[in-house]
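One structure is given below, encoded as structure tokens.
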Amino acid sequence: MLVLYLLTYLSVFVFIILIISKILHYARTPMHLRWDLYPVAHEADRNEYGGSYYEETEWWTKKNKKSRIAEFIVMFEEIIFLKGVYHNNRKLWYYSFPFHLGLYLTTAAFTLMILSVILDLSAASNMYWQQSIAEDILFYLTNAVGYTALILTFFGTLGLIIQRVTDKKFRIYNTPMDFINLFFILILTISMVLTLSPSNTSFILYKIYLKNLFTFNFTVIARPIFLVHITLVSIFLLYFPLTRMMHLFAKYFTYHEVRWEDSPNFKGSKLENKIKQALNYGVSWSAPHIKTGKTWGEVATKLPPEVSNAK
Amino acid sequence: MLNRAIDTNLNESTNTNKKKISSIKDFTRQDGQLTFLNPENYMKLPYPYDNWVDPPIKELTADQKERLEHSLDGLSAIAIPVPATDAEKEVKVARFLSGLKKLFNKEDNWTFIQPLLLSMENCMKCQTCSDECPIYISSGREEIYRPIFRGEILRRIINKYLKPGGKLYNKFTGSDIELNWDTVARLAELAYRCTMCRRCAQACPIGVDNGLITREIRKLFSQELELAPEELHNSGTVKQMKTGSSTGTNPTAMLDIIDFIEEDLRDLYNINIKMPIDKKGADILLIHNFGEYLSWPENIMAFAIIFEKAGINWTLSSEMGGYDSVNYGLFYDDVQLARVALEHIGIAKKLGVRKIVMGECGHAHKALMPIADRILVGDNIIPRESAFPVLEEIVFSGKIKFDPKKNNFPVTLHDPCNTARSMGIVEPQRKIMRYLCPEFVEMEPHGVNNYCCGGGSGFAIFQGKNFPDWRNSISFRMKFKQILEAFQENLDPSIHKYVCAPCSNCKGAFRDGLTYYNAFEKCGIIYGGLVELIVNAMVDLEKPFIEWELK
């Protein structure tokens, strides 16, 4: 049993480390050339039709209103409701939406369970009534969220698998890994359902296990199916960051750092400094027309002989 | 004759049905041409083209087939020479891999590494992008033209050849493919079957950009293997830096053309304008795509008329680097992009102008305004703005009198991808048209959701071998469908109709495409710029500015 507890600690630790390193992997790349794509959500008065500050004359003399609220709304609709998929690929949305919502609710259910455990551990005896009310709320909320998550994830995943198998357009692109990802989630859901029993209708085993993890109490939980389920969850936490399922985090960058990144460059700005830095990067591309200098700054200003001789 | 040609093509297609792509690995086959296009499968067009059958795409000549790689779909956009020996092929494959590594090197590819990594690592292959791609749809859903196809090939090569993992990992990720010269040559050609319009990126729920992947593949081939289409590189950016224009027009010839244009203004419209040339300290340096001077001089005239009537303090440049806004580096090569942009900036600095205004050219807008913005430092940061808001300001300033009734014909507006989807310039041109064109009708979809003209990313200027056939019948097809649908109520050829395409490259695609479909004779459709419509509506003008012929 101790091994299982240790595996869970390890998987949570590695999960967090790998997610952070993936985020840093994207965040530490150098500033890139602009590659914005419209509509840009923060264009307060223009995002409805996809306009930008370039629609104004002398735009560099005017303050451009950026709406962070508009960005938030677009991201919210996109992340929670998969609005883009709804509009552009409805057939996929019927499965993808419950699948994603199911996963979000699973995360929410875990969070609620952790809150229950924290509440349980931190409760003072003189707060009995308040604690009882909070516990009740968490209890019913966890059940509602947890069961909804299970149903949505199960049917969403099943639908996505069936669609991948039956729809011709996926056929040549499917790889074993695509199916492993989906089947893994399906098995997790099924094993979770199997842990439920008349004595465990409210995820009580999970709460006990979490509490044990928090208190370093490695008591045996005598339900083999639950132990199998926890083993699978732990392996999934190790596996998840190595897959394309990390698009969850990449999406922040594709939207905020690429599609919506429209900051103009002004003299003396931080951006200008970053550009100066980038122009000092080395260039090792080997096509003859490139090899005119060692840095980007040199290569962009020194022309190849056939061009410079002509001038 | 036509029927026989179609039969031949169908036979070829039947032969190759056996070889239909059933796996990504098929891309690495070494048994000749991978895909045979069949006009019967192309997207159907609306009335009066509902029975239209496209002739098959012209085959390359026997000599071309022997000399040039064409094993993707029988076309040759880049004219890749067939390597003479296996050893030569191996060298090229090795160079491809070395270039691929550089794409993921922070210094070599600081310009685009972040968006590239994000797009390469996060595609869920959900196919949401497929239905957004006009080329994929128009071709009759040819698998190789699916937006994710080229990215998926690249992804699997990267998994196998650049990432540690071994056989099992490759099996799991479907990356157990062999990299050979045929694959490399096909991938290079496939990068020139996408106009980089970025509709796919716009639809992607994650933000993966297959248009960017296309550009990065083009860049790899140009910056590492010196492989790029003649029209973009030697006769494009290189010629532009050597002579002053990608058309080969030098400064002396440019001044002669200006003389002709002034003369035409006098003779045709009784307007005396002395074009301001190299005027130091002007408020505006106006830079046109030089294609306008040669193919559509009326666009140059119209700008001059409007600016002069509005009392703008402006100038053109006659110096190398100052009279052609073209920057084909945008389509294939970061270094060439930077060099050309710096030449444009250099001229503006030399003249001491307050700002540069981009004429009606979409890619020139994007190259010098947002993209080049991140290579400029110090005094090179000179303000650049689009002609569209400048024109909007003039039209609504009251400085010029208009009679919209002069534009008494149906007009629709094409949004160039570079100015609309990539820059968000949507409304200024529409405000002008709603005011000056009483019969203005939108295409659907439009604005930032528009379809490409089919000439994007350099395709408009590819005139070699059989590429124009492909462009006219496939990449222009969706735009043509939109035009026909916009004018569906007025398709009688006696009713003249105008497609406003405020972009030189788009106009190039329209010229060839509308000619291919015989659209003027059949439906009375012509195309032109925005300024021509503005001038046509001017009260002062003695005769109509727009001539009803397909130029």
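Listed values, structure above:
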{"item": "Under-5 Å amide H pairs with residue B:384, H placed in peptide plane, nonlocal only", "result": "B:356"}
{"item": "25 °C / 0.890 mPa s Stokes-Einstein diffusion coefficient of the protein assembly as shown, Kirkwood radius on C-alpha pairs, µm²/s", "result": "84"}
{"item": "Region B:203-305: trypsin sites (Lys or Arg not before Pro) falling in loop per DSSP and having at most 13 other Cβ within 10 Å", "result": "B:274, B:280"}
{"item": "Relative contact order [Cα under 8 Å, 6+ residues apart], chain B, whole percent", "result": "13"}
{"item": "Whether chain A is rounded, prolate or oblate, judged on the alpha carbon gyration tensor where a/c under 1.5 counts as rounded", "result": "prolate"}
{"item": "Full-extension gain in nm, residue B:180 to residue B:53, via 0.36 nm per residue minus C-alpha separation", "result": "42.0 nm"}
{"item": "From phi via Karplus (6.51, -1.76, 1.60), per-residue ³J(HN,Hα) for region B:470-475 in Hz, x at Gly/Pro", "result": "5, 4, 5, 8, 10, 6"}
{"item": "Rounded to 5, the percent of DSSP beta bridges in the protein assembly as shown classed as antiparallel", "result": "20"}
{"item": "About the Cα centre, charge dipole magnitude for region B:105-247 (Lys/Arg +1, Asp/Glu -1 at Cβ), debye", "result": "220"}
{"item": "Loop chymotrypsin sites (Phe, Trp or Tyr not before Pro), region A:174-279, which have at most 14 other Cβ atoms in a 10 Å radius of their Cβ (DSSP)", "result": "A:216, A:218, A:266"}
{"item": "Volume of the Cα convex hull of region B:19-86, divided per residue and given in Å³", "result": "124"}
{"item": "Computed magnitude of the charge dipole of chain B (debye, nearest 20; Cβ of K, R +1, Cβ of D, E -1)", "result": "1560"}
{"item": "Histogram of C-alpha separations across region A:175-311, 10 Å bin width, %", "result": "9, 20, 18, 15, 13, 13, 9, 3, 1"}
{"item": "Amide H contacts of residue A:43 (H built 1.01 Å from N, under 5 Å, at least 5 apart or other chain)", "result": "A:67"}
{"item": "Reachable aspartates and glutamates from residue B:405, criterion Cα separation under 16 angstrom, eight or more residues apart if same chain", "result": "B:439, B:532, B:540, B:542"}
{"item": "All lysines inside 18 Å of residue B:551 as judged from Cα atoms, apart from same-chain residues fewer than 8 positions distant", "result": "B:497, B:507, B:522"}
{"item": "Label-point gap, in nm, between residue A:140 and residue B:494 - each point 7 angstrom along Cα→Cβ", "result": "7.7"}
{"item": "When each of A:267/B:101; A:65/A:267; A:91/A:251; B:89/B:242 is checked by Cα-Cα distance, pairs over 24 Å", "result": "A:267/B:101; B:89/B:242"}
{"item": "Karplus 3J(HN,Hα) series, Hz, for region B:38-52 with 6.51 cos²θ - 1.76 cosθ + 1.60 (x for Gly, Pro)", "result": "10, x, 4, 8, 4, 4, 6, 9, x, 3, x, 10, 5, 10, 5"}
{"item": "Cut-off 12 Å between beta-carbons: net charge of the residues surrounding residue A:75, Lys and Arg +1, Asp and Glu -1", "result": "+1"}
{"item": "For region B:149-262, projected area of the alpha-carbon convex hull averaged over all directions, nm²", "result": "10.4"}
{"item": "Cα-based reach from residue A:294 at 13 Å (exclusive), listing aspartates and glutamates while leaving out same-chain residues under 8 positions away", "result": "B:107, B:108"}
{"item": "Stokes-Einstein diffusion coefficient of region A:4-90, Kirkwood radius over Cα pairs, 4 °C, 1.567 mPa s, in µm²/s", "result": "77"}
{"item": "For region B:254-323: rounded, prolate or oblate by the Cα gyration tensor [a/c cutoff 1.5]", "result": "oblate"}
{"item": "Residue pairs, from the table B:280/B:401; B:92/B:219; B:280/B:355, whose Cα atoms sit over 19 Å apart", "result": "B:280/B:401"}
{"item": "Estimated 222 nm signal from helices in chain B, with DSSP H stretches of n ≥ 4 weighted -39500 (n - 2.57), rounded to 500", "result": "-12500 deg cm²/dmol"}
{"item": "³J(HN,Hα) computed for each position of region B:326-332 - Karplus, 6.51 cos²θ - 1.76 cosθ + 1.60, integer Hz, glycine/proline x", "result": "3, 8, 5, x, 3, 8, 7"}
{"item": "Scaled radius of gyration (Cα, divided by 2.2 N^0.38 Å) that chain B gives", "result": "0.98"}
{"item": "Packing-based ranking, highest mean first, of B:544-551, B:423-430 given that Cβ atoms within 10 Å are counted", "result": "B:423-430, B:544-551"}
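No value in this document is a laboratory result; all are computed from the given coordinates. Keep in mind it's a predicted model, so treat the numbers as computed, not measured. Cβ sites come from the backbone with ideal geometry, for glycine too, and all protein chains shown count toward neighbours.
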